[in-house]
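Encoded as C-alpha cells, the structure appears first; notes follow it.
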Amino acid sequence: MNTFNVTELQDGFFFTEDLFLDKKFILLTPGMPITQNFLRALRDWEFIKIFSEGRPTNDELERTTITISSDTFDHEEHNKAQNAAKNQTEEETHSDEKVNTQSLSQVEKSYYEYQSFIADVYTRYVTKKELQPQIISDKVKELCDFIRDNKRLVLRVQPSQENRDKNYLVVHSMRSTVFAIVIGMQLKFPIHKLIELGVSCILHEIGMVRLPPQVYMGKKELTPIEKNAIFTHPVISYNILREFSFSLSICLGALEHHERENGAGYPRKLEKEKISLYAKIIAVACSYEAVTAPRPYKEARDAYSGILDIMRNTGKQYDETVIRALLFSLSLYPIGLYVLLSNNKIGQVVDVNPENPKYPIVQLNGETKPDGSPRIVETSEYGISITRPLTKEEGSTLIKR
C-alpha cells in the first residue's frame, strides 16, 4: 500500500483506489473528490499520512472508468470477502473471551481506584490549593492502558446512585474521561494526545469547586442566578489550570467544553474550527454522560436513548466526526445495555461490532457453553438481531436476580 503525505493532497483530485486513514478505516472511495473541507478536517485532526493502493489524479475520463467498474464488480468475490471477514470476526471474538484475564468485579475494583484518585485530586485542590500535573499525567497514562486492555468491561461499570449523590463532580469527571479516551482511541490518537485529553477531561469541572456546592449539588432545578454562576466555571477551570502550568491544549479543553459547533455555547460562543480539538471531544463525552446519569431533579435516559440524543445532534451542536467515533466505540446499543433479541432471549451488550454499530456482540442472560463460559451471540441483519432495548426498570430487575 502506498503512503501519501496529507500536505501533498490537492483540492479537486481523487484517488483511483480506496483511500485509507490507518490501512483499515476508509476515508474516500475511488472517484470521490478531495475537497477543501476534507483537507481542513485532516489538518484539524493532525493526521500526517494516509494510504492507498491507487494514485491521485484529476482525469475526468478516468473517474468515469472507475465509476463504471465499481458498478460491475464481481459479486461472487465480494460475497467471499464478506464471509471471510465474518469468520475472522467470529474467531477474534472467541479469542477475546479466552484471553480476557480480568473479571468484571476486578475491573470495577480498578475503576473505582481511578475514581478515588480523581476524588483525591479535587480534595487536594479544595483543601491545599494544589494540583500536581506530572502525577496526574502519569495516572492518566495508566488509565489509558487500563481502558485499552479492558474497554468492554470498563464500559459496563455503572456507579451507584449513592456514589453519585456524594461525589457528583468526581463520578461525572471519571465517566466523561472514560468516554473521551474511548473516543480518542477510536480516532487513533497517539498516547501523548490521549494523556492530554484525559487530563483535560478529568479537570474540566475543577472550576465548579469555587462555586457554592448547592449550585452543582442541589436537588432542584437551577434558578437564573445559579445558572449564571454555572456559566463561569469553564473560565475558572481555565485560570486554575494555567496557574499550575498545564499545557495550553489541556487548558483550552476545559475552557471550551461548553462551546458548540453552531455558536450557541459558552463562554465565548465559538463556532466549528475555532473550538479546540479536545473541547469538541469532551463536549460529546460530557453530554452523553450527563444525559445518561440520574440527577435529583431529572430522570436519567437509558444508554440507547442517550446515544440517540447525541446522534440527532439537535441544532448541530456537536462535531459529526466525534459523534461517529462515540457511536462506533459504544455501538447504537451501548455496552452494558440489556436487550431483547429476535429469538425472544434476553442478553447484555458486551462488545461492539467494528463493521456496523447497529449489530453489537451480546452475552445471553443466564446461558453458558459446555466449558462454563458465557454464551455469546453476534447480532446481524439476517441472523439474530436486537428487537428492542430493555427499559431501565427491566434491566434493574435482571441485575437484582
Gly315 fails exactly one of (1) surrounded by 20 or more Cβ atoms within 10 Å (Cβ to Cβ); (2) of a type in the set (Gly, Ala, Ser); (3) over 23 Å from Leu104 (Cα atoms), namely (1)
query: Is there a residue in the stretch 285-299 that is surrounded by fewer than 15 Cβ atoms within 10 Å (Cβ to Cβ), in a loop (DSSP other than H, G, I, E, B) and touching an Asp or Glu at 6+ places or on another chain (Cβ under 6 Å)?
result: yes
Exactly one of Pro267, Pro212, Pro234 is crowded, with 19+ Cβ neighbours inside 10 Å and assigned by TED's automatic domain parsing to the domain that holds Tyr122, and that residue is Pro234
Over the stretch 335-348, the set of residues surrounded by fewer than 16 Cβ atoms within 10 Å (Cβ to Cβ) and under 19 Å from Arg301 (Cα atoms) is Leu340
The residue that is nearest to Pro133 (Cα to Cα), considering only those in the stretch 273-300 that are modelled with pLDDT of 95 or more and β-branched (Val, Ile, Thr), is Ile282
inquiry  = I'd like to check something: does the stretch 73-91 contain any residue that is closer than 24 Å to Glu205 by Cα and at pLDDT below 95?
reply    = no
Residue pairs within 7 Å by beta carbon, gap of at least six or interchain, first lying in the stretch 210-233 and over 17 Å from His257 (Cβ atoms) and among the polar types (S, T, N, Q), second modelled with pLDDT of 85 or more and surrounded by 12 or more Cβ atoms within 10 Å (Cβ to Cβ), listed first then second, are none
* To do: Could you tell me whether the stretch 256-272 includes any residue that is within 25 Å of Gln132 (Cα to Cα) and touching a His at 6+ places or on another chain (Cβ under 8 Å)?
  => yes
Screening Ser305, Ser331 for residues that are surrounded by fewer than 20 Cβ atoms within 10 Å (Cβ to Cβ), under 16 Å from the mean Cα position of the chain (by Cα) and not basic (Lys, Arg) leaves only Ser305
Exactly one of Ser237, Ser276 is farther than 23 Å from Leu42 by Cβ and among the polar types (S, T, N, Q), and that one is Ser237
Among the residues of the stretch 114-146, the number that are in contact (Cβ under 8 Å) with a residue 60 or more places away in the chain and under 10 Å from Val199 (Cα atoms) is 4
Considering the stretch 349-376, residues that are surrounded by 19 or more Cβ atoms within 10 Å (Cβ to Cβ), among the aliphatic types (A, V, I, L, M) and in a strand (DSSP E or B), and then whichever is farthest from the chain's Cα centre (by Cα), we arrive at Ile376
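The values are calculated or read from the model by the stated rules, or taken from the named source; none is laboratory data. Computed from a predicted model, the values in this text were never measured in an experiment. We place every Cβ from the backbone using ideal geometry, glycine too, and count neighbours over all the protein chains shown.
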